[in-house]
Amino acid sequence: MSSHPIIEFKNVSKRFGDTSIFNDFNFSVKENEIVSIIGPSGSGKSTLLRILMTLEGIDGGYINVNGESLWHMPWNGSYVPASNKHLHKMRDHLGMVFQHFNLFPHMTVKRNITEAPMRVKGLSRSEAEKNAEDLLELVGLADKADSYPNDLSGGQKQRVGIARALAMRPSILLLDEITSALDPELVDEVLDVIRNLAKEQRFTMLLVTHEMYFAREVSDRVCFFDQGRIVEEGAPEDIFTSPKEERTKAFLNAYLN
Amino acid sequence: MEFGEIVSVLLQGAVVTIKIVAMALPLAAAMAFIFGLMRLYGGFPLKQLAVVYIEFFRGTSALIQLYWIYFVLPLFGLSIDAMTAGVIALGLNIGAYGTEVVRGAISSVPKGQFEASVALNFTPSQSLRRIILPQALVGMIPPFGNLAIELVKATSLVSLITIADLTFKAKSLADMTLQVGEIFGVVLLLYFVIAQCLALCFRYLEKRLSKGLGRGGVK
Ligand SMILES: Nc1ncnc2c1ncn2[C@@H]1O[C@H](COP(=O)(O)OP(=O)(O)OP(=O)(O)O)[C@@H](O)[C@H]1O
Ligand SMILES: [Mg+2]
């Protein structure tokens with residue numbers, strides 16, 4: 001694993017109206033690192049991913065992705081807020097899988113996966129379809145290419161969601177509680193897909209999760225968030241077996257019991 | 001006057017009414033989309049322009065709008081024939097109500113659909129065309145159907161700027177023959193039939209469109 005940081009937050013602040021979510025927030029992720037983010041509800045976990053996916057702006061500080069500023073661009077020797085064109089370019093590095101799948105209901109599974117590669121990346125239909133077939137194979141849904149999302153189970157939908165994100169070949173994959181909307185018996189089929197991806201170590205992954213065993217198993221690093229700060233971070237063994245901070249202990253206790 | 005004769009005269013009027021509807025409806029739909037999208041996504045000054053259009057045409061009387069276009073604009077050197085004036089006035093008026101239909105249907109597409117299109121790096125216009133509008137369209141059809149019927153009813157206003165539509169024919173027949181019962185009975189029936197035919201078209205359209213949205217439909 002290279003030590004080059006692919007994501008860097010520097011003194012980032014983020015507010016919603018009067019509520020401050022992040023204040024002077026610093027955080028970095030190395031290339032191909034798999035980082036799990038855990039923490040109580042409202043601590044800013046989703047906001048962190050949404051800022052990276054450019055779904056939310058920031059109010060202060062800088063974020064670098066792949067060595068380039070995400071929300072700013074150089075102009076006349078200084079930095080100005082990013083243009084749509086700059087954001088469009090930066091999004092190329094990033095992919096996201098959503099808690100509620102957000103599949104396109106009017107398109108078949110295959111078109112859900114091929115639409116963006118064709119329209120955004122300019123792949124030919126045959127290339128895009130070949131990729132979609134491979135990805136559907138990967139997530140175990142080769143036989144569902146012509147189904148519509150509403151005819152799939154939750155677990156199947158989410159596996160399509162993963163395939164759809166992967167089809168854009170992001171180098172950073174953002175996963176926001178991708179199993180929390182699923183019935184318990186469907187969680188494993190989705191986590192298995194992520195386990196396999198994690199083994200290959202081809203992407204940087206940032207995953208917000210409430211599945212502690214899973215976080216422990218796949219991550220290189222676990223960050224415990226509370227009130228917009230990283231209270232404690234470290235190797236999964238350390239965080240889960242010997243947390244140092246009281247708040248981490250309390251949170252994990254509440255979870256594991 | 002014989003009943004058959006009355007019916008045949010009124011049918012001529014009905015044809016004119018249908019013609020006006022057929023021309024004003026596409027205009028209204030175009031206005032609804034253009035100004036509805038401007039209202040939703042336009043920056044300054046497009047959004048403000050849309051608001052002015054919408055509030056003006058919804059907030060003033062359709063008859064006065066018609067009079068303006070037909071009687072007042074010529075004073076400024078812009079004269080148009082009665083038929084065109086009628087189509088424009090009705091199209092703009094119903095279109096202003098249509099903007100709310102477009103806006104409402106687009107706003108009711110779940111936010112997650114916009115977010116997924118950003119995450120997949122679609123441009124705003126791609127996401128509107130390929131992701132949002134196909135889902136919003138189905139929801140627009142029933143309220144558009146209602147507006148189409150409003151339009152049919154509003155066409156009777158054009159009789160006041162000398163267009164020989166159904167209402168115009170009915171009134172002149174009534175003045176001439178005094179057989180008001182038969183005449184207005186037939187007129188009611190004809191308006192009702194026109195409206196029902198339109199309603200039927202819109203129901204068919206709705207069915208067709210929701211078919212394209214996958215077997216499960218949009219949830
Ligand atoms: N669009 C928004 N407008 C206003 N407040 C928001 C918005 N999005 C998030 N918040 C607030 O920001 C805080 C952090 O939200 P966030 O969704 O990041 O938390 P989270 O850690 O993901 O929580 P959860 O585990 O419940 O998903 C919360 O207090 C939330 O209410
Ligand atoms: Mg969240």
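What follows is calculated from the coordinates using simple rules that are stated; it is not laboratory data. Since the model is a prediction, treat every value here as computed from it, not as a measurement. Glycine gets a Cβ as well: all are built from the backbone with ideal geometry, and neighbour counts include every protein chain shown.
Here are some notes:
- The mean count of C-beta atoms from other chains within 10 Å of the C-beta of residues in A:144-151, rounded to a whole number, is 3.
- Helix B:133-154 vs. chain B, principal-axis angle (Cα, 0 to 90°, nearest 10): 20
- Inter-chain neighbour count for B:104-116: the average number of beta-carbon atoms from partner chains within 10 Å of each residue's beta-carbon is 3.
- Chain lengthening between A:THR241 and A:ASP151 when straightened (0.36 nm per residue, less Cα-Cα): 28.2 nm
- Between 0 and 90 degrees, the angle of helix B:3-41 with respect to the longest Cα principal axis of chain B falls at about 20 degrees.
- Per-residue ellipticity at 222 nm, computed for chain A from helices alone with -39500 (n - 2.57) per DSSP H run of at least four residues, works out to -11000 deg cm²/dmol.
- Per residue, chain B reaches -25000 deg cm²/dmol at 222 nm when only DSSP H runs of four or more residues are counted, each adding -39500 (n - 2.57).
- Beta bridges by DSSP in the protein assembly as shown, antiparallel share as percent, to the nearest 5: 60
- Restricting attention to chain B, the count of lysine pairs at 8 or more positions apart or across chains with alpha carbons under 16 Å apart stands at 7.
- Between amide H atoms placed 1.01 Å from N, distances below 5 Å from A:ILE6 occur with A:VAL29, A:LYS30, A:GLU31, all of them 5 or more places distant or on a separate chain.
- Spatial separation of Cα centroids for the range B:31-84 and the range A:55-70, in angstrom: 43
- Segment B:VAL72-B:GLU2, length gained on full extension (0.36 nm per residue, minus Cα span): 21.2 nm
- Calculated FRET efficiency for the pair A:VAL80/B:ARG58, C-beta based, R₀ 35 Å, to 0.05: 0.30
- For chain B, built as a Gaussian network whose Cα springs stay under 10 Å, the top-fluctuating residue of B:ALA82, B:ALA136, B:ALA116: B:ALA116
- Vicinal HN-Hα couplings computed from phi for the range A:201-213 (Karplus, 6.51 cos²θ - 1.76 cosθ + 1.60; Hz; Gly/Pro x): 6, 9, 10, 7, 10, 10, 10, 8, 8, 10, 8, 5, 5
- Listed values for the range A:26-39 are Karplus-derived 3J(HN,Hα) couplings in whole Hz (6.51 cos²θ - 1.76 cosθ + 1.60, θ = phi - 60°), namely 10, 6, 8, 10, 8, 4, 6, 7, 10, 10, 9, 10, 10, x, and x replaces Gly and Pro.
- The packing ranking, built from the mean of other Cβ atoms within 10 Å per residue, places the peptides A:108-117, B:44-53, B:19-28 in the order A:108-117, B:19-28, B:44-53, highest first.
- Shape summary of chain A, radius of gyration then Dmax from alpha carbon positions: 18.6, 56 Å.
- For the range B:102-196: span of alpha carbons on each principal axis (Å, largest first): 70, 23, 15
- Take the convex hull of the alpha carbons in the range B:23-154; its mean projected area over all directions comes to 8.8 nm².
- From phi via Karplus (6.51, -1.76, 1.60), per-residue ³J(HN,Hα) for the range A:182-187 in Hz, x at Gly/Pro: 9, 5, x, 6, 9, 5
- Hydrodynamic radius (Kirkwood) for the range A:85-126, which is based on Cα pairs only, to one decimal in Å: 11.9
- Rounded Å value of the spacing that divides the Cα centres of the range A:218-255 and the range A:1-45: 15
- Both radii come from the Cα set of the range A:102-168: Rg as radius of gyration, Rh as Kirkwood radius; their ratio Rg/Rh reads 0.93.
- Translational diffusion of the protein assembly as shown, µm² s⁻¹ [Kirkwood Rh, Cα pairs; Stokes-Einstein; 10 °C; 1.306 mPa s]: 60
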